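Report on one structure; see the data block that follows.
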Amino acid sequence: MDDDAEFTAFVRDRGLELLRLAVALTGDRDQAEDVVQGALERLYGRWGRVSRRGDPGWYVRQSIVNAVRDGWRGRQRHPEVLGLAADEGAGASYAPIEEMLTRDVVRGALAELPPRRRMVITLRYWGGYTEAETARLMGTTVGTVKSQAHRALRELRARLESADPAEPPAPAAPAAAGAGASR
C-alpha cells in the first residue's frame with residue numbers, strides 16, 4: 001500500500017476518534033475541526049517518516065493537544081462550552097432524560113474547570129491515557145498530572161454535589177482576560 005492510501009485509511013479509521021478528542025479538549029466543534037485538520041495536514045507532510053517510526057496516532061494526538069494548549073495561551077481564557085461530538089444522528093440511541101440531564105451537568109462542571117485541569121481530566125479519564133502518557137502529551141511531569149487531576153476531581157465533586165440535576169447548567173462564562181492557563 002502506498003503512503004497516500006495508508007494515510008487515507010488512517011484518517012478513515014481514526015478521524016472520528018481524533019475529532020471527539022479535539023471537541024472534548026476545545027469545547028467547540030468548529031474549533032475542534034480546525035485543530036484536527038491542521039494536525040492531519042502536519043501529519044500528511046510527514047506521513048512516511050512518522051508511520052515508519054511508530055504510531056502515527058500518537059503523533060497526531062500530540063499535535064492536537066499542542067494546538068489546543070497554544071490556542072488557550074493565545075486567548076488566555078477558557079472555551080465557553082464543552083460537548084462531545086455526536087455521531088451526526090447515525091445510530092443514535094435513545095437516552096433517558098435523567099441520563100441526558102446528568103451528562104449536561106457533568107459537561108457544565110467540566111466547562112468551568114481551568115483549561116489545564118480540563119485537559120488532564122479529558123486525557124486521563126475520557127481518553128484513557130496513563131499518567132505518564134498524559135504527562136508526555138501535555139509536555140509536563142507525572143507529578144503535575146497527578147496534582148492537576150486531584151484538584152480537578154475535587155472541584156468537579158464540589159460542583160456536582162451542589163448541582164441540581166433537574167436544572168440545566170448555566171453556560172460557562174469566559175474567564176477574566178488576564179487569567180492564566182494553569183491554576
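Each of Leu43, Ile64, Leu18 was scored by the projection of its Cα onto the charge dipole of region 1-77, and the greatest displacement toward the positive side belongs to Ile64; charges sit on the C-beta of Lys, Arg, Asp and Glu.
Measuring max minus min along each principal axis, the C-alpha atoms of region 96-163 give extents of 39, 21, 15 Å (largest first).
Sort the following peptides by mean Cβ neighbour count (other Cβ atoms within 10 Å, averaged over residues), highest first: 57-63, 138-144. Please list the in-between numbers first.
Numbers: 57-63: 18.3, 138-144: 14.4.
Final packing ranking: 57-63, 138-144.
Peptides 148-161, 120-133, 42-55, ordered by how many other C-beta atoms sit within 10 Å of their residues on average, highest first, read 120-133, 148-161, 42-55. Sequence-ordered 3J(HN,Hα) estimates for region 51-66 from the Karplus curve with 6.51, -1.76 and 1.60 and θ = phi - 60° stand at 5, 6, 7, x, 7, x, x, 5, 4, 6, 5, 4, 5, 5, 4, 4 Hz, glycine and proline given as x.
Maximal additional length on extending the Arg103-Glu33 stretch stands at 23.0 nm, based on 0.36 nm per residue less the C-alpha distance.
Quick note: the coordinates plus some simple rules give every number you see, no bench work behind them. Predicted model only: the values in this text are computed from it and were never measured. Note: ideal-geometry Cβ built from the backbone for every residue, glycine included; neighbour counts use all protein chains shown.
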